[in-house]
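The values are calculated or read from the model by the stated rules, or taken from the named source; none is laboratory data. These figures come from a predicted structure and were not determined experimentally. Virtual Cβ from ideal backbone geometry, glycine too; neighbours counted across all protein chains shown.
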Amino acid sequence: MGEASPALEVLADGTAWADACADRLTDALSTALAGTGRAVFAGSGGSTPAPIYRRMAQASLDWSRVAVTLIDERYVPESSPDSNAALIKQTLLTGPAAAARFVPLFHPAVTVDRAAALAARALAAEGGRLDAVLLGMGEDGHICSMFPDSPTLKTLLAPTLKPTVLGVPHGRDGSAPGLERLSINLPYLMTARRVVLAISGTAKRAVFEREAAGDPATQPIAALIAARVPLDILWTEKT
């Protein structure tokens, strides 16, 4: 068994859930801007965060001093329908937030590992620390591109490494992921100002509770808890 899990906060409905997630994240960005004059946000892909991003985009922050990046990305260009960069540009980098600077993880390099090295250098140039992070969780318990049985999983979850970006090979024999990916590692989450894990539905809640009690060396949710990531867990039954 891992360490005691942080409290799971229950929101009444999807509207309250998206509002609460957006408020926590923009508050962390505002605090960073007030302290250092700059802030870095890292978001997740997929359809779930879209309502959160739309709310964040309207926040009265000095977005021109905010860098926006991703927690993970498929090894595809922005023109691909599988691109997380395209989604975050369509939903977050609009309205007031269009003034923010986007820092991609994807680079058209020879290999995914070379692209990851370029992305790691770009994030390090932003200060090497994330001020606000939005995480989702898959039905298999993965966060970022930390997939069960992936050969890179233990490295991504190693708490003693420096914050970096790593290449993730596609899964074998039908296992996830279907495409090569790039992912930040656990130390990036450990050093973040605030991390919001946004989950919805009864199935995902059961997955979270199972994973929270798991092995931090191989189960990402357990690793977050054991590493004392500054985690807010916001859940609603229906979005």
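Within the stretch 1-28, if we keep just the residues that are over 20 Å from Val229 (Cα atoms) and free of Cβ contacts under 8 Å to residues at least 40 places away in the same chain, the residue that is surrounded by the fewest Cβ atoms within 10 Å (Cβ to Cβ) turns out to be Thr15. For the stretch 189-207, the tally of residues that are touching an Asp or Glu at 6+ places or on another chain (Cβ under 8 Å), in a strand (DSSP E or B) and within 15 Å of His142 (Cβ to Cβ) stands at 1. Which one is surrounded by the fewest Cβ atoms within 10 Å (Cβ to Cβ) among residues in the stretch 60-86 that are part of a loop (DSSP other than H, G, I, E, B) and not hydroxyl-bearing (Ser, Thr, Tyr)? The extreme case among them is Pro81.
Within the stretch 77-111, the set of residues being of a type in the set (A, V, I, L, M, F, W, C), at pLDDT below 95 and closer than 18 Å to His170 by Cβ comprises Ala109, Val110. Kindly establish whether Ser5 is more than 21 Å from Ile184 (Cα to Cα), at pLDDT below 95, over 15 Å from the mean Cα position of the chain (by Cα) and hydroxyl-bearing (Ser, Thr, Tyr). The answer is yes for Ser5. When each of Thr31, Thr48 is tested for being part of a loop (DSSP other than H, G, I, E, B), out of contact with any helix residue (DSSP H, G or I) (no Cβ under 8 Å at 6 or more places or on another chain) and either of a type in the set (S, T, N, Q) or crowded, with 24+ Cβ neighbours inside 10 Å (or both), the lone residue that passes is Thr48.
Restricting attention to the stretch 87-114, report how many residues are among the small types (Gly, Ala, Ser), surrounded by fewer than 18 Cβ atoms within 10 Å (Cβ to Cβ) and under 14 Å from Val68 (Cβ atoms). Residues in the stretch 87-114 being among the small types (Gly, Ala, Ser), surrounded by fewer than 18 Cβ atoms within 10 Å (Cβ to Cβ) and under 14 Å from Val68 (Cβ atoms): 3 in total. Got at least one residue in the stretch 150-171 being of a type in the set (S, T, N, Q), in contact (Cβ under 8 Å) with a residue 60 or more places away in the chain and either part of a helix (DSSP H, G or I) or under 16 Å from Ala85 (Cβ atoms) (or both)? Checked the stretch 150-171: no residue is of a type in the set (S, T, N, Q), in contact (Cβ under 8 Å) with a residue 60 or more places away in the chain and either part of a helix (DSSP H, G or I) or under 16 Å from Ala85 (Cβ atoms) (or both).
Per-residue answers, yes or no, for (1) crowded, with 19+ Cβ neighbours inside 10 Å; (2) closer than 26 Å to Arg129 by Cβ; (3) polar (S, T, N, Q); (4) modelled with pLDDT of 95 or more:
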{"position": "Ala158", "(1), (2), (3), (4)": "no, yes, no, yes"}
{"position": "Leu179", "(1), (2), (3), (4)": "no, no, no, no"}
{"position": "Leu186", "(1), (2), (3), (4)": "yes, yes, no, yes"}
{"position": "Ala198", "(1), (2), (3), (4)": "yes, yes, no, yes"}
